[in-house]
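This report refers to the structure that appears directly beneath it.
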Amino acid sequence: MKIAILGTGRCATRLARRLSEHDLVFGTCEYSVNLTRRLVARMGRRVKLTSPKDAVRQAQVVLLAATDYELPRLLSAAGPFAGKLVLQASDFARSRSDSAERVDCLAATAQAAG
């Protein structure tokens, strides 16, 4: 299964380590994030680093693992989530209304879990 992880911080890298048996793609607006580059290099060919839009396009599942600061920018850059299973791995978006609204808007096009 191909899983996109939007975010490059500690939460995102911990999730990547736990999901290492899957094909992973990090979607980030910051290509120079050293921690993620090192993780991608250690995990090998099953992990890629690309734009949020390409990451979402390639994956069946999308994990939102970004800070409240990063989330609005990543969601805007990611494009449509139609047909994707979208999981929020943090609760940061609940503290800022613009992030919460963007996450809630995903429900209209994303596949429901459950």
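What the table below lists for this structure:
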item: Residues (at pLDDT 65 or above and more than 14 Å from residue 4 (Cβ to Cβ)) located in the range 83-103; result: 90
item: Yes/no for residue 49 being more than 10 Å from the chain's Cα centre (by Cα) and either of a type in the set (A, V, I, L, M) or in a loop (DSSP other than H, G, I, E, B) (or both); result: yes
item: Tabulated pairs, the range 38-54, first without any contact (Cβ under 8 Å) to a residue 24 or more places away in the chain, second outside any helix (DSSP H, G or I), C-beta under 8 angstrom, 6+ apart or interchain; result: 40/26; 40/47; 40/48; 40/49
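The values are calculated or read from the model by the stated rules, or taken from the named source; none is laboratory data. If you're wondering where the values come from, they're calculated on a predicted model, not measured in any experiment. All Cβ positions, glycine included, derive from the backbone under ideal geometry; neighbour counts span all protein chains shown.
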